[in-house]
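Q: To start, I am sharing the structure in question, which I have written as structure tokens.
The values are calculated or read from the model by the stated rules, or taken from the named source; none is laboratory data. Computed from a prediction, not measured in an experiment: that's the story for all the values here. Cβ placement follows ideal geometry from the backbone for every residue including glycine, while neighbour counts extend to all protein chains displayed. Ligands, DNA and RNA are stripped out before the accessible areas are found, and what is left, the full protein with its side chains, is counted by its heavy atoms. Shrake-Rupley method; radii C 1.70, N 1.55, O 1.52, S 1.80 Å.
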Amino acid sequence: MKYTKEQVAEWKRKHGDIFELSVEDKSCILRRPNRKDLSYVSVVKDPIKMSETLLKQLWLAGDTEIQEEDDLFLAIIPKMEEVIKVKESVIKKL
């Protein structure tokens, strides 16, 4: 997948953090999810469908084979967990 510095700058300006995920010679660019995205996919009970829906929600650009071919899609799912990782909070009893 090819992209320019200008495209990356525009994606970052519009979406904040972005990520490139690769498997074999295919790759895609995803943005970090927001509350709306997570709420939308939370109603999906099937974990594979949930991952598929989230991938489509976060997709900015890439090789569409990742969405279409099972072996590529299944390889991307574990890395998507890192994309949706949120900050750690701390609780302190007062």
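Q: So for region 57-79 (the condition being more than 22 Å from MET1 (Cα to Cα), out of contact with any strand residue (DSSP E or B) (no Cβ under 9 Å at 6 or more places or on another chain) and either open to solvent by less than 50 Å² (accessible area, probe 1.4 Å) or not in a helix (DSSP H, G or I) (or both)), does at least one residue qualify? Step through it out loud before you land on a result.
A: To start, the set of residues in region 57-79 that are more than 22 Å from MET1 (Cα to Cα) comprises none.
So far as region 57-79 goes, no, none of its residues is more than 22 Å from MET1 (Cα to Cα), out of contact with any strand residue (DSSP E or B) (no Cβ under 9 Å at 6 or more places or on another chain) and either open to solvent by less than 50 Å² (accessible area, probe 1.4 Å) or not in a helix (DSSP H, G or I) (or both).
Q: Return the residues of region 80-94 that are open to solvent by 50 Å² or more (accessible area, probe 1.4 Å) and either in contact with a Leu (Cβ under 6 Å, 6 or more places away or on another chain) or assigned to a helix (DSSP H, G or I) (or both); say none if nothing qualifies. Quick ask: steps written out before the conclusion?
A: We begin by selecting, within region 80-94, every residue open to solvent by 50 Å² or more (accessible area, probe 1.4 Å); these are 81-82, 84-94.
Within region 80-94, GLU81, GLU82 qualify.
Q: Take ILE29 and decide whether it is in contact with a strand residue (DSSP E or B) (Cβ under 8 Å, 6 or more places away or on another chain), part of a strand (DSSP E or B) and either open to solvent by 20 Å² or more (accessible area, probe 1.4 Å) or of a type in the set (Val, Ile, Thr) (or both).
A: On the way: in contact with a strand residue (DSSP E or B) (Cβ under 8 Å, 6 or more places away or on another chain): yes; part of a strand (DSSP E or B): yes; either open to solvent by 20 Å² or more (accessible area, probe 1.4 Å) or of a type in the set (Val, Ile, Thr) (or both): yes.
So ILE29 fits the description; yes.
Q: Could you run through region 1-27 and say how many residues are touching a helix residue (DSSP H, G or I) at 6+ places or on another chain (Cβ under 8 Å) and either aliphatic (A, V, I, L, M) or farther than 22 Å from ILE77 by Cα (or both)?
A: Residues in region 1-27 being touching a helix residue (DSSP H, G or I) at 6+ places or on another chain (Cβ under 8 Å) and either aliphatic (A, V, I, L, M) or farther than 22 Å from ILE77 by Cα (or both): 3 in total.
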